[in-house]
Amino acid sequence: MGLKMTEQTYLVLLSLADRPRHGYGVVQAVRELSDDRVRLGAGTLYGVLDRLVGAGYAEVSGEEVVDGRLRRYYRLTPEGTSAVTQETARLRALAARAQRVLGARPALGGA
């Protein structure tokens, strides 16, 4: 992967995995995916989207004007789908290792 996969980047990619979304739709999806823990501001969101487009992981899939404002939609490219799939596999493997380590530890504090 040529792009640093931060949590925000991963969540934006994941938010685009099921369908194209416009900026506010991405913000809402990221909040839902993170159980309302990650809230993207406009600057952060569009910075991430610009980097994803620059890396070839996402592309603009259309534009429309709604209430006098331009709404731009983004979708994953095949490279973006591969990147989010690989990162998901990496996180799954990391979580499995963590479970093994935590499961092997003796209980602390006599719980």
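From the residues in the stretch 1-56 that are hydrophobic (A, V, I, L, M, F, W, C) and more than 13 Å from the chain's Cα centre (by Cα), which one is surrounded by the most Cβ atoms within 10 Å (Cβ to Cβ)?
Looking at the filtered set, the residue picked out is Ala55.
Condition test on Val60, is it closer than 22 Å to Leu3 by Cα, of a type outside the set (D, E, K, R) and not in a helix (DSSP H, G or I)?
Judged against the criteria, Val60 is a match.
All of the numbers you see were taken from the coordinates with simple rules; none came from a lab. Computed from a prediction, not measured in an experiment: that's the story for all the values here. FYI the Cβ positions are ideal-geometry reconstructions off the backbone, even for glycines, and counts take in every protein chain you see.
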